[in-house]
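Notes to accompany the following structure.
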Amino acid sequence: SREEALRLSQFSLDQSTVGIIWVHWDSHVRYANHAIETMLGYAPGAMADRPLIDLDPELHMDRWLDLWKRARASDESAQRFETRWRRADGSLLPVDMSLSFLRFRDAEYLVVFLTDVTERRRAEAAQRESEARLKGIAANVPGLVFRLERDPGIDELEFPYISEGSEALVGYAPAEIQHPEMGLRNLVHSADRTDYHRVQDHALATDSDWSWQGRILTRQGEQRWADIKASARTLGDGR
């Protein structure tokens, strides 16, 4: 029945792990689910009738009305961006925010979906710190330091990092080696490429460490013997 469907919908909203609020054109909260109350540290029902400026310091009325008009007129299903919402204790929480326009029982609302991205921000900061440490170490290592990654979804190889030592070793700047048409393979002497690919392909296929010795050519055509060693690691996203 219609009543049962409404009751199930309400239950789903209340139990969702994503923060959900319904907001009228005046920017005041009409409904807030349990997840967003918990996320922001509010008691049950305490968010009702609050203006959004209390929750998002950047959502002044002019900006809110602009978002409302764009959502109302847009053919897109949602507007998405990252912002920070104020918790009940005054601290700011980084969130992903999504807006969708809704007509319900002769009234119009913007439905706001919020996801806490604190852990993602923390992971990104840790990665930036790791990258900075890597660059600091690599700058003092003779030769060339690289990181090779493969996206298992499309089996594509890329070099997210090449140290500045590449210039002194082979005469190519890091950005040149990172170009998809370049890579390390084009530094390898043509007579040694088959062996180079055999060793690299085996390491990638088995997620194992990689060790290869052979001839490379500098930008000037000078032949040098190189010793390549790489340690295999699997990232959280499967790369």
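The values are calculated or read from the model by the stated rules, or taken from the named source; none is laboratory data. Values in this document were obtained by computation on a predicted structure and should not be read as measured data. Every residue, glycine as well, gets a Cβ built from its backbone with ideal geometry; the counts of neighbours run over all protein chains shown. With ligands, DNA and RNA removed, areas are computed over all heavy atoms of the protein, side chains included. Shrake-Rupley method; radii C 1.70, N 1.55, O 1.52, S 1.80 Å.
Answer with yes or no whether Arg219 is open to solvent by 70 Å² or more (accessible area, probe 1.4 Å), assigned to a loop (DSSP other than H, G, I, E, B) and under 19 Å from Ile162 (Cβ atoms). Outline the logic, then answer.
Values: open to solvent by 70 Å² or more (accessible area, probe 1.4 Å): yes; assigned to a loop (DSSP other than H, G, I, E, B): yes; under 19 Å from Ile162 (Cβ atoms): yes.
Judged against the criteria, Arg219 is a match.
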_Need pairs with beta-carbon distance below 8 Å; first residue in contact (Cβ under 8 Å) with a residue 40 or more places away in the chain and within segment 165-180, second buried (at least 16 other Cβ atoms within 10 Å of the Cβ) and of a type in the set (D, E, K, R); sequence gap 6+ or separate chains._
none
*So, in segment 182-239, of the ones that are among the polar types (S, T, N, Q) and in contact with a Gly (Cβ under 7 Å, 6 or more places away or on another chain), which residue ends up farthest from Ala123 (Cα to Cα)?*
Gln220
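So, in segment 103-132, of the ones that are open to solvent by less than 50 Å² (accessible area, probe 1.4 Å) and hydrophobic (A, V, I, L, M, F, W, C), which residue ends up farthest from Leu40 (Cα to Cα)? Spell out the reasoning first.
Taking segment 103-132 first, the residues open to solvent by less than 50 Å² (accessible area, probe 1.4 Å) are 107-112, 114, 117-118, 125, 131.
Then keep just the ones that are hydrophobic (A, V, I, L, M, F, W, C); that gives 107, 110-112, 114, 117, 125.
On the way: Ala107: 27, Leu110: 19, Val111: 17, Val112: 14, Leu114: 10, Val117: 13, Ala125: 23 Å.
Selected residue: Ala107.
Name the residues in segment 194-216 that are part of a helix (DSSP H, G or I) and within 35 Å of the chain's Cα centre (by Cα), would you? Steps first, answer last, please.
Narrowing segment 194-216 to residues part of a helix (DSSP H, G or I): 194-206.
Selection gives Tyr196, His197, Arg198, Val199, Gln200, Asp201, His202, Ala203, Leu204, Ala205, Thr206.
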*Residue that is nearest to Arg224 (Cα to Cα) [pool: residues in segment 148-193 that are within 26 Å of the chain's Cα centre (by Cα) and of a type in the set (Val, Ile, Thr)]*: Ile177
*Could you grab the pairs with beta carbons closer than 7 Å, sequence gap of 6+ or different chains, first residue in segment 26-46 and under 12 Å from Ala88 (Cα atoms) and part of a loop (DSSP other than H, G, I, E, B), second one open to solvent by 40 Å² or more (accessible area, probe 1.4 Å) and not hydroxyl-bearing (Ser, Thr, Tyr)?*
Gly41/Arg87; Gly41/Ala88; Gly41/Asp89; Tyr42/Ala88
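For segment 78-110, name all the residues that are in contact (Cβ under 8 Å) with a residue 60 or more places away in the chain and touching a Ser or Thr at 6+ places or on another chain (Cβ under 8 Å). Working first, answer last.
We begin by selecting, within segment 78-110, every residue in contact (Cβ under 8 Å) with a residue 60 or more places away in the chain; these are 95, 102, 107-110.
Hits for segment 78-110 are Val95, Leu110.
Go through segment 85-97 and give me each residue that's open to solvent by 20 Å² or more (accessible area, probe 1.4 Å) and under 17 Å from the mean Cα position of the chain (by Cα).
Correct list: Asp96 only.
Could you list all residues from segment 53-77 that are aliphatic (A, V, I, L, M), touching a residue at least 40 places away in the same chain (Cβ under 8 Å) and open to solvent by less than 30 Å² (accessible area, probe 1.4 Å)? Give the derivation first.
Applying the first criterion (aliphatic (A, V, I, L, M)) to segment 53-77 yields 53, 55, 59, 61, 65, 67, 71, 73.
Then keep just the ones that are touching a residue at least 40 places away in the same chain (Cβ under 8 Å); that gives 65, 67.
Correct list: Leu67 only.
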*Go over the candidates Ala230, Ala191 one by one and state the one that is under 19 Å from Val145 (Cα atoms) and either open to solvent by less than 90 Å² (accessible area, probe 1.4 Å) or among the acidic types (Asp, Glu) (or both).*
Ala230
